[in-house]
Amino acid sequence: MSNRSRTTEAATAVRVAIDILCLNAAFCASYWTRFHSPFTALVPVLKGVPPFRSYLAAFPVATLAFVYLYKLLGSYARRWRYDAANEFFVVTRGTTAGMIALMALTFLLPSTHSEAGLKYSRITFLLLFPLVESFVWAGRLASNAVEKRLYRRSAGKRKLLLVGTGETAARLARHVRRNPTLECEIVGFVRCPGEKSSSSRIVAPIAGELDALPALLERGGVDELILTNPKLDHARVLSIVALCEKNLVEFKHVPDMFEILTRKVEVVSFDGVPLVGIRHIPLHSPWNRFLKRSFDVAGSALGLVVAAPVIALCALAVKLDSRGKAFFSQERCGEDGVCFRLHKLRTMVEDAERHTGPVWARAEDPRCTRVGAFLRRRNLDELPQLWNVLKGEMSLVGPRPERPHFVNRFREENPRYMARHSVKSGITGWAQVNGLRGNTSVRARLRYDMYYLENWSLLFDLKVLILTLFARRNAY
């Protein structure tokens, strides 16, 4: 077994051990909260306090159930991202599954306690969900820190060899370079036959041509090979997989979705003849549109109430900082290409585009005011768009709306650009939380927008909203 494999096993063991500790702490906390905390003043205990030992006896079974479901749902797989927001969603998935199983059993049992057998308080289990979620999430953040240290000390950085020198390889290399917490290092690129190289964006040496791959792997020093060129024929791909197995190198393949814009397909039968067609995106379903709109109305109404004092303070700061109105409206293209007036807090000097015409904001933009730069970094200038959402012109999450000038240009440069206008535009989006905003690649932004449209769910929307709180890259 390799040193890295042993480290992976140790890291997984640490993660499981911390989960077990956190789960049992949450179980104890739920019992204490229900029967011995000030919470009893709100919900009195009417049938006596059950002995702790009856709950303690159930802890091992409940712990095993949660750990099994966490494993089943991939919580113990080594992931590329360890930030708090993504870890929260990984934990939520497993915790929800565990609670469904426990609650199903609990609600089948009586809610009182007697000497006749085990009978549990249902309220105790209702308290259990937020406690398990918060305890395990905090434990995961701690175990992530321990895992990173284990890899750094015993295994060092993971050595990656990228097969391919195109745009996909360059993009993956940039991601690795910008995220040191991945503990990865690209040791080189392998050029494929007939491939155009993004040489200006390559951050590691070209190790050789594809024919030299056997010698490169036999030389050692590679932990993982990532095939970034989806155009290689199947025979060549299988030979690369065999080489990796022979040299104990992990193999991964970047699918076509990172190189071209994809759509999910569906297979239907027409008089016995199979036909492959493009599947409609989830938000084309009336039921899904109703769910999303309900979520938008509730979220924007609550958001306006909560954010009203913040918006007022920001507006006052804008007025005191520079001449002009605190708010401004701008025409944007939304669903089906229909234009509407988007509302924002003013972050630039008045008439900022008088001499330039329509241009995107850029880093260190001299047109930004002092207060405006602060608002942009924290996404506070977008808060007035909650009103656009409440009116039905926008959604909380979706592709960001552009001005007609840019839409007309981008639709000519990118054939599928208008597909993002098949749904309502959003205050924030999947592209934005991944750093694709401001003066960044339109093609890359479109790729993320299409991924969002094709994989939409309410949970995905919630994830984007939470990630927005932490998104700072390219916020200018």
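The values are calculated or read from the model by the stated rules, or taken from the named source; none is laboratory data. Everything quoted here is computed from the prediction, not taken from an experiment. As a convention, Cβ positions derive from the backbone with ideal geometry for all residues, glycine included, and neighbour counts pool all protein chains shown.
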Looking at Arg445 and the list (1) crowded, with 18+ Cβ neighbours inside 10 Å; (2) within 20 Å of Lys292 (Cβ to Cβ); (3) basic (Lys, Arg), which single condition is not satisfied? (2)
Residue pairs within 6 Å by beta carbon, gap of at least six or interchain, first lying in the stretch 399-414 and crowded, with 17+ Cβ neighbours inside 10 Å, second assigned to a loop (DSSP other than H, G, I, E, B) and at pLDDT 85 or above, listed first then second, are Pro399/Ser425; Pro399/Gly429; Arg400/Gly429; Pro401/Gly334; Pro401/Ser425
Within the stretch 196-213, considering residues that are surrounded by 14 or more Cβ atoms within 10 Å (Cβ to Cβ) and over 15 Å from Ala173 (Cβ atoms), the one modelled with the highest pLDDT: Leu213
Is it fair to say Ala26 is surrounded by fewer than 18 Cβ atoms within 10 Å (Cβ to Cβ), of a type in the set (A, V, I, L, M, F, W, C) and either assigned to a helix (DSSP H, G or I) or touching a helix residue (DSSP H, G or I) at 6+ places or on another chain (Cβ under 6 Å) (or both)? no
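So which residues in the stretch 42-63 are among the small types (Gly, Ala, Ser) and more than 17 Å from Leu126 (Cβ to Cβ), if there are any at all?
Gly48, Ser54, Ala57, listed by residue number.
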Out of the residues in the stretch 73-125 that are among the basic types (Lys, Arg) and part of a helix (DSSP H, G or I), state the one that is modelled with the highest pLDDT. Arg93
Note down all Cβ pairs under 8 Å where the first residue falls in the stretch 223-245 and is over 24 Å from Arg171 (Cα atoms), the second is assigned to a helix (DSSP H, G or I), and they're at least six residues apart or on different chains. Leu243/Leu213; Leu243/Pro214; Leu243/Leu217
Which condition from (1) modelled with pLDDT of 90 or more; (2) of a type in the set (A, V, I, L, M); (3) closer than 21 Å to Ala170 by Cβ; (4) part of a helix (DSSP H, G or I) is the one that Val190 breaks? (4)
Picking from Leu453, Leu458, which residue would you name as being over 23 Å from Ala315 (Cβ atoms), of a type outside the set (D, E, K, R), assigned by TED's automatic domain parsing to the domain that holds Gly334 and loosely packed, with under 15 Cβ neighbours inside 10 Å? Leu458
Quick one: is Arg354 at pLDDT below 90, basic (Lys, Arg) and within 25 Å of Asn408 (Cα to Cα)? yes
